[in-house]
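**Q** One structure coming up, written as structure tokens, with questions to follow.
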Amino acid sequence: MSQTQKRFDVIALGELLIDFTENGMSQQGNPVLEANPGGAPCNVLSMLTRLGRKAAFIGKVGDDAFGKQLSAAIREQGIDAEGLKFDKTVHTTLAIVMKLANGDRDFAFYRNPGADICLTPEDVDEELIRASRVFHFGSLSLTDEPVRSATKKALAVAEEEGLIRSFDPNLREPLWPSLDAAAEQIGFGLEHTDVLKISDNEITWFTGKEDYDEGVAWLRAHYPNLKLICVSLGPQGSRAYLGDLRVEVPAFLQEKTIETTGAGDTFGACVISTVLEKGLDMSEEDLRKMLTFANAAASIVTTKKGALRVMPAVSEVEAFLREQK
């Protein structure tokens, strides 16, 4: 089957969980937490469906009320859920996301274990991967067994089939036994990646370079398989590195920003969609348009609560960009 005749544009493997995010205060003065569907890989897929891409997911949730909520939520977004498994003994993974005074987020995870890390290699549907053009994954499916082995099996199938591999390290320090363990597994991910989306703090941590150009040069020297590297810089915008090209586009800052949950996933989805359209031989102008659209989409998401269910449509991003001119 040729790459253009595949059933899916993108298949992602990883965590699907409930993000309990702050949504006001109770009459008693306690924070009210809203159970938002979340998990970086499915956030990416949700944005891809808004961009007209066909998306599928491989992962595991608990056979409980939250698992059923998540299953319904991704189907509602148009994500194929054939690869979603239910664990009858381990509950759905939960994350408590609290906003700090400086605008950053503090994560507390209920995942020891959680259903997402119980995905086994036998749970992985190889045919779903073979029916896709891009395989996307993050580092949270590399933190524990058996999901680590499941991820490596899926990557092996993707490579055998010739899929483009997309990776977002998405470091969540509390989920790792140590940062050394995180670096080892993220290094494995980098070895098996064509398209990398990495944040400013992650590239500095992993490479030890404060200068992002130096960090990218370090990554290329150690992982020559990397073709397209996109660095998200938060309020400073983003950069793309492809061959000899280096393109930087400023962020769209908004007074209406509520939280940054899902912004990086939105950005990453726009990058993947552009790769699906243009391939990995883009011009400087292609990269500039890609980053501009991705920055705009990410900016819109920061004005909404949650992520998976509130990704912007193409028309919304285009209207936003017209307003900025």
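The values are calculated or read from the model by the stated rules, or taken from the named source; none is laboratory data. Nothing here was measured: the structure is a model prediction, and the numbers come from that model. Positions of Cβ are generated from backbone atoms using ideal geometry, with glycine treated the same way; all protein chains shown enter the neighbour counts.
**Q** Looking at region 5-50 only, could you name the residues that are assigned to a helix (DSSP H, G or I) and without any contact (Cβ under 8 Å) to a residue 12 or more places away in the chain?
**A** Q5
**Q** Of the numbered conditions (1) in contact (Cβ under 8 Å) with a residue 60 or more places away in the chain; (2) surrounded by fewer than 19 Cβ atoms within 10 Å (Cβ to Cβ), T303 satisfies every one except a single condition; which is it?
**A** (1)
**Q** Here are A115, A95, A131, A73: which of them is in contact with a Pro (Cβ under 7 Å, 6 or more places away or on another chain) and either of a type in the set (A, V, I, L, M) or touching a residue at least 40 places away in the same chain (Cβ under 8 Å) (or both)?
**A** A73
**Q** Which pairs turn up if I take residues in region 51-63 that are farther than 17 Å from F135 by Cα and free of Cβ contacts under 8 Å to residues at least 60 places away in the same chain and look for partners that are crowded, with 22+ Cβ neighbours inside 10 Å and of a type in the set (S, T, Y) with beta carbon separation below 7 Å, at least 6 apart in sequence or on another chain?
**A** V61/T92; G62/T92
**Q** Being among the β-branched types (V, I, T) and touching a helix residue (DSSP H, G or I) at 6+ places or on another chain (Cβ under 7 Å) is the filter here, so list the residues in region 27-57 that pass it.
**A** Result: V44, single match.
Conditions tested, residue by residue: (1) in contact with a Cys (Cβ under 9 Å, 6 or more places away or on another chain); (2) over 26 Å from E22 (Cβ atoms); (3) assigned to a strand (DSSP E or B).
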| position | (1), (2), (3) |
| --- | --- |
| Y241 | yes, yes, yes |
| A251 | no, no, no |
| T257 | no, no, no |
| D265 | yes, no, no |
| T274 | no, yes, no |
| E285 | no, yes, no |
| K289 | no, yes, no |
| L308 | yes, no, no |
| A319 | no, yes, no |
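**Q** Now, a different point. Residues to consider are A294, A263; find the one that is crowded, with 21+ Cβ neighbours inside 10 Å, closer than 26 Å to G187 by Cβ and at pLDDT below 95.
**A** Unique residue meeting the criteria: A263.
**Q** While we're looking at this one, here's another question. Here is a list of conditions, (1) farther than 30 Å from I258 by Cβ; (2) assigned to a loop (DSSP other than H, G, I, E, B), and G83 meets all of them except one; can you say which number that is?
**A** (2)
**Q** A further question follows. Name the residue, out of V231, V314, that is among the β-branched types (V, I, T) and over 26 Å from G215 (Cα atoms).
**A** Just a single option satisfies the conditions, and that option is V314.
**Q** While we're on this one: Residue under question is L140, and the condition is that it be of a type in the set (A, V, I, L, M), within 23 Å of V271 (Cα to Cα) and in contact (Cβ under 8 Å) with a residue 40 or more places away in the chain; does it hold?
**A** Answer is yes for this residue.
**Q** Go through region 145-178 and give me each residue that's in contact (Cβ under 8 Å) with a residue 24 or more places away in the chain and among the polar types (S, T, N, Q).
**A** Hits for region 145-178 are S149, T151, S166, N170.
**Q** Tally up the residues in region 74-109 that are modelled with pLDDT under 95 and either surrounded by fewer than 17 Cβ atoms within 10 Å (Cβ to Cβ) or within 17 Å of G62 (Cβ to Cβ) (or both), please.
**A** Result for region 74-109: 14.
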